[in-house]
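The values are calculated or read from the model by the stated rules, or taken from the named source; none is laboratory data. Values in this document were obtained by computation on a predicted structure and should not be read as measured data. All Cβ positions, glycine included, derive from the backbone under ideal geometry; neighbour counts span all protein chains shown. Accessible surface is based on the protein model in full, side chains and every heavy atom, while ligands, DNA and RNA are left aside. Shrake-Rupley method; radii C 1.70, N 1.55, O 1.52, S 1.80 Å.
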Amino acid sequence: MTLTTDDWLSLQSTGPSETAVQNLLSCSSPAAEGIAADVIVGGGLAGLLLALKLSSAPSKAPLVLLESRPSLGGRLFQAPPLSPGVSRAEALRAQFSHEALQHCSGPGFELFDPLALEVYERHLRMLLTDAEQEFLESFTKERTPAEQPFTRRTLLVRKEFTPLTEALSGSSEMLTRKEADILLQLAQPENISPENDGAFEASAFWQGLSKAQRESLTPLLETVLGWTLDRTPVSVVRSAVHAFVKSNESEVPKWFLRTSRLELGLEIVLLSRGVRALTQAELVRAFVPEKKAEATLIQVADMFARTPQQMTARKLALAIPLMRSLAVLPREQLHPQQSRLVSRHRPRSLVWVEYGNWKQAQLSTVAADTLVPGTRLVCPVERVQGALLSNGQLGFYTSIDFEDSLHAQSVREALNRCRKAALRFLSEPHMKAAQQARPAAPGITLMRERISLVPVGYNLPRNEAVPTTTEVKMAPGNWFSAGDHFTFAAESWRNVIDSTHDVAQLMLKN
Ligand SMILES: Cc1cc2nc3c(=O)[nH]c(=O)nc-3n(C[C@H](O)[C@H](O)[C@H](O)COP(=O)(O)OP(=O)(O)OC[C@H]3O[C@@H](n4cnc5c(N)ncnc54)[C@H](O)[C@@H]3O)c2cc1C
């Protein structure tokens, strides 16, 4: 059962009727046991691109997309979690309600390098028919410039909120003129080269600075990088500083600035192509039952079912971060190159904390015109970055080793740094109210504080340039792996684009 474009558009204005919910249910219930499907696990950018590529070619098997969260989009878009105990019908009703359509949450596209967004826009559009693009336009309408400024600004936050442009001119409390010059020299593109790369801290450039300059610049550089300088090669520091300086005052591509959720529009396109896009369905185990068996058995924890569901996959594509793959597969099933990289690199996680309604809650000391959606907040004292998201959320994040993210103490420490950064923006009563989920003041409701851990890739050891890989085959011949596996780098889109291209080619072969 598929819905027509008009059905979907009316859902948006009226919310779903009972018939629409029933139709949605029939589009999004698990595939019948025993029918072998091609299964994509993970509905982030990689899973979305792959599902669009595979569903635009003639199909040899039904296509199923499994996503453990309530919505597709992965790290690019994230819908809020559902309350426990809801049924699939209630979840669909909530997801397609008028209110939910307006709401996505971060870490989201506002934090991406605009170049990456342009690449993703181009690739997503290429995979949509004219009619689908038209549908997407009406379902998610672009914001007008009046509603939404398109220029991204970075503010450095210490006691004052200093626009990056002002800090780089050397006329603020954030940076002296000499420090600003050092940052600008580091950001020079001609200096970025992985050749003759060495540890940044041992480089002639860094050692040529005075001890005081090094001490003063280290917190800012480490905040921009997301990890410590001592483990980082010169080229990685230079690219991070280059991206940081360049993305300030850059235009956010309009395509991503919509009045409602783009990832939901894309999910509808997939459903209307007959793809079974199952959200809240997490792969927990995949195995080949006998040697040389043609199909793989996968177990799926469907939030709405009491026991794990079993499905048969003709082909299996894992579009999830490698460290997540390791939670569901033995390491031998990775490609040897992936396995080697996993052994050598330390995975990272982001601790992400968010609050809603920043417009209502902002401190009076902060000039309102410096705070617009898309503004990035860089807080070197706390080693934390943040952003004012276009949906009204205020988010702060810091990265920690994945292993540390398993220990409550380390997560608490990172969380406290994020909260301290948030306190530069929100007043103490607002923060307390958000933590206790009560109204901050008459007429002001600040969304409850939400904390999540997001995998972001692999840490880089000393003297090793950013690795990339398009190795997509896994140990069983009909298993593949796509996505941003290894890097926490500005250009991780390269891995996503290359790997989804390669996986689609291989999956379409027979
Ligand atoms: C703050 C921030 C800034 C970034 N900036 C940039 C940038 O400027 N440029 C750039 O190129 N990249 C950037 N990135 C990286 C970018 O987010 C990723 O490259 C991209 O989103 C990766 O997409 P993906 O599909 O590989 O993974 P994800 O987006 O992580 O998608 C994986 C999906 O799989 C789901 N999943 C996981 N395990 C399972 C399971 N067992 N079963 C079912 N589903 C599962 C997850 O819920 C998730 O939705 C940034 C990331 C962050 C966090």
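Looking at Thr307, Thr312, which is the one that is farther than 30 Å from Ile400 by Cβ, in contact with a Gly (Cβ under 7 Å, 6 or more places away or on another chain) and not hydrophobic (A, V, I, L, M, F, W, C)?
So the residue among Thr307, Thr312 that is farther than 30 Å from Ile400 by Cβ, in contact with a Gly (Cβ under 7 Å, 6 or more places away or on another chain) and not hydrophobic (A, V, I, L, M, F, W, C) is Thr312.
Out of (1) touching a Phe, Trp or Tyr at 6+ places or on another chain (Cβ under 6 Å); (2) at pLDDT below 90, the odd one out for Lys246 is which?
(1)
Working only within the stretch 405-464, note down all residues that are modelled with pLDDT under 80, open to solvent by 70 Å² or more (accessible area, probe 1.4 Å), closer than 30 Å to Val496 by Cβ and out of contact with any helix residue (DSSP H, G or I) (no Cβ under 8 Å at 6 or more places or on another chain).
Within the stretch 405-464, Asn463 is the sole residue that qualifies.
Would you confirm whether or not the stretch 288-311 contains a residue that is more than 10 Å from the ligand (Cβ to nearest atom) and surrounded by 22 or more Cβ atoms within 10 Å (Cβ to Cβ)?
Yes.
I'm told Asp230 meets every condition in (1) of a type in the set (Asp, Glu); (2) surrounded by fewer than 22 Cβ atoms within 10 Å (Cβ to Cβ); (3) in a helix (DSSP H, G or I); (4) touching a Ser or Thr at 6+ places or on another chain (Cβ under 9 Å) except one. Can you identify the failing condition by its number?
Just one mismatch for Asp230, condition (4).
Can you give me the number of residues within the stretch 383-419 that are without any contact (Cβ under 8 Å) to a residue 60 or more places away in the chain, of a type in the set (D, E, K, R) and more than 16 Å from the ligand (Cβ to nearest atom)?
4
Quick check: anything in the stretch 490-510 modelled with pLDDT under 75, more than 28 Å from Ala243 (Cα to Cα), away from the ligand (no atom under 12 Å from the Cβ) and open to solvent by 60 Å² or more (accessible area, probe 1.4 Å)?
Scanning the stretch 490-510, I find at least one residue that is modelled with pLDDT under 75, more than 28 Å from Ala243 (Cα to Cα), away from the ligand (no atom under 12 Å from the Cβ) and open to solvent by 60 Å² or more (accessible area, probe 1.4 Å), so the answer is yes.
Within 22 Å of Arg346 (Cα to Cα) and among the hydroxyl-bearing types (Ser, Thr, Tyr): does that describe Thr154?
No; evaluated as a whole, the condition is false for this residue.
Restricting attention to the stretch 12-38, report how many residues are modelled with pLDDT of 70 or more and in a helix (DSSP H, G or I).
Of the residues in the stretch 12-38, 9 are modelled with pLDDT of 70 or more and in a helix (DSSP H, G or I).
Show me the helices (runs of 4 or more DSSP H) found entirely inside the stretch 39-142 where at least 1 residues are within 15 Å of the ligand (Cβ to nearest atom), at pLDDT 90 or above and buried (at least 21 other Cβ atoms within 10 Å of the Cβ).
45-55, 114-126
Can you confirm whether the stretch 270-287 contains a residue that is within 21 Å of the chain's Cα centre (by Cα) and part of a helix (DSSP H, G or I)?
Looking only at the stretch 270-287, we keep the residues that are within 21 Å of the chain's Cα centre (by Cα), and these are 270, 277-283.
From what's left, part of a helix (DSSP H, G or I): 270.
Scanning the stretch 270-287 turns up at least one residue that is within 21 Å of the chain's Cα centre (by Cα) and part of a helix (DSSP H, G or I).
Counting just the residues of the stretch 144-176 that are basic (Lys, Arg) and closer than 28 Å to Asn391 by Cβ, which one comes out most open to solvent (accessible area, probe 1.4 Å)? Spell out the reasoning first.
From the stretch 144-176, those basic (Lys, Arg) are 152-153, 158-159; that's our starting set.
Next cut, closer than 28 Å to Asn391 by Cβ only: 152-153, 158.
Working: Arg152: 2, Arg153: 59, Arg158: 76 Å².
Selected residue: Arg158.
So which residues in the stretch 465-489 are away from the ligand (no atom under 15 Å from the Cβ) and modelled with pLDDT of 65 or more, if there are any at all?
Of everything in the stretch 465-489, those that are away from the ligand (no atom under 15 Å from the Cβ) and modelled with pLDDT of 65 or more turn out to be Lys473, Ala475, Pro476, Gly477, Asn478.
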